[in-house]
Amino acid sequence: MVMTEVFDKLKALQDVLAEKYSLEAKIKDSPKQLSSSEELLVRLRKEFLETNTKYEEVKAEVGQFQLELEEAEKSRESGEKGMDNISTHREYEALQKQIDEASAKEGEVRKSLQKKEKELEELNEKLRMTEETIKMQEQDLESNKANLDKQISSYKDELKELEKQEKEITPGLDTEIVYKFQRIIQRNREGIVAVRNGVCSGCNMILPAQFANEVHEGESILFCPYCSRILYHEDVDADEAEDYSSLEETGTLADFDEEFADESEDLAEGEEREESSDDEEKSIAFDE
């Protein structure tokens, strides 16, 4: 298989894999769409249970105040009835004290009872509203789950079709290249990009001239040294070409290292000559 066919296959495979991985990510992340609704439902149920517990506590307090009120009323009524049968001043004072204490107790308990009955009514209303909200949330959640299941089912159908296309494209391609290609697309979505005017269109980095020439020749699969994508050459119009200080003069990374090493050697030699000159001047001065 000639390299142009390989590149064409990789370009077609790129589109299929990019869509495939996108669908797989959507299927994986789809349950997260319901997480907020489920969390809200959990909070509502917890709130309902807490409110219901408080409601039962207040209800018991209301029952206790009602009993105390009945006892106070009976004590007061008993004292008032006894007034008709008193014969001494001492009996009058005792009954009057009973009536006063019972009346005071009755007023205190009635006030507390009214307060608790109001609180009980408010809690009951809160329970009713929370229960209605829970039912609505449950209905919405079930509806969303049903819609999501349909969406996931549609994604899976599309995924099967893409996997079928992938199997039709990959025959004839080197398995190791395909494996690397898949890993690249999972990270970048693009696995094969053009080199235009000596520049990788994937990362916009200027490639070493010798390496760019090898890509231009198109005799083998080459990966960008900066972004790891597979490269292929693409011509540009003359008016689109840019001057990158002459790619022929740019050289390879190895050329850069050698040039830097030569400069370092020249600098070291210059320092040695300066040190030798300084030593000679010192020697002459000493002799004088």
Could you please give the count of residues in the stretch 143-172 that are free of Cβ contacts under 8 Å to residues at least 60 places away in the same chain and not in a helix (DSSP H, G or I)?
1
Going through the stretch 132-159 one residue at a time, which ones are within 22 Å of Leu10 (Cβ to Cβ) and charged (D, E, K, R)?
Glu158
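Let's see how each residue does on (1) closer than 27 Å to Leu67 by Cα; (2) in contact (Cβ under 8 Å) with a residue 12 or more places away in the chain; (3) surrounded by 15 or more Cβ atoms within 10 Å (Cβ to Cβ):
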| position | (1), (2), (3) |
| --- | --- |
| Ser87 | no, no, no |
| Ile99 | yes, yes, yes |
| Glu122 | yes, no, no |
| Leu141 | no, yes, yes |
Determine which member of the set Val16, Val42 is free of Cβ contacts under 8 Å to residues at least 12 places away in the same chain and under 30 Å from Gln151 (Cβ atoms).
Val42
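If we keep just the residues of the stretch 190-206 that are open to solvent by less than 20 Å² (accessible area, probe 1.4 Å) and touching a residue at least 40 places away in the same chain (Cβ under 8 Å), which is farthest from the chain's Cα centre (by Cα)?
From the stretch 190-206, those open to solvent by less than 20 Å² (accessible area, probe 1.4 Å) are 191-195, 198-200; that's our starting set.
Going one step further and asking which of them are touching a residue at least 40 places away in the same chain (Cβ under 8 Å), we end up with 191-192, 194, 198-199.
Working: Gly191: 26, Ile192: 29, Ala194: 33, Gly198: 38, Val199: 35 Å.
Only one residue tops the list, namely Gly198.
Yes/no matrix, rows are residues, columns are (1) within 30 Å of Gly172 (Cα to Cα); (2) out of contact with any Pro (no Cβ under 6 Å at 6 or more places or on another chain); (3) exposed (fewer than 15 other Cβ atoms within 10 Å of the Cβ):
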site	(1), (2), (3)
Leu10	yes, yes, no
Gln14	yes, yes, no
Glu19	yes, yes, no
Asp29	no, yes, yes
Ser36	no, yes, yes
Leu44	no, yes, no
Glu47	no, yes, no
Glu50	no, yes, yes
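Restricting to the stretch 101-118, and then to whatever is free of Cβ contacts under 8 Å to residues at least 12 places away in the same chain and open to solvent by less than 80 Å² (accessible area, probe 1.4 Å), can you tell me which residue is nearest to Gly79 (Cα to Cα)?
Taking the stretch 101-118 first, the residues free of Cβ contacts under 8 Å to residues at least 12 places away in the same chain are 104, 107-108, 111, 114-115, 118.
Keeping just the survivors that are open to solvent by less than 80 Å² (accessible area, probe 1.4 Å) gives 104, 107.
Working: Ala104: 13, Gly107: 16 Å.
That would be Ala104.
The values are calculated or read from the model by the stated rules, or taken from the named source; none is laboratory data. All figures in this text were calculated on a predicted structure; none of them were measured in a lab. We place every Cβ from the backbone using ideal geometry, glycine too, and count neighbours over all the protein chains shown. Note: areas computed on protein heavy atoms with side chains; ligands, DNA, RNA excluded. Shrake-Rupley method; radii C 1.70, N 1.55, O 1.52, S 1.80 Å.
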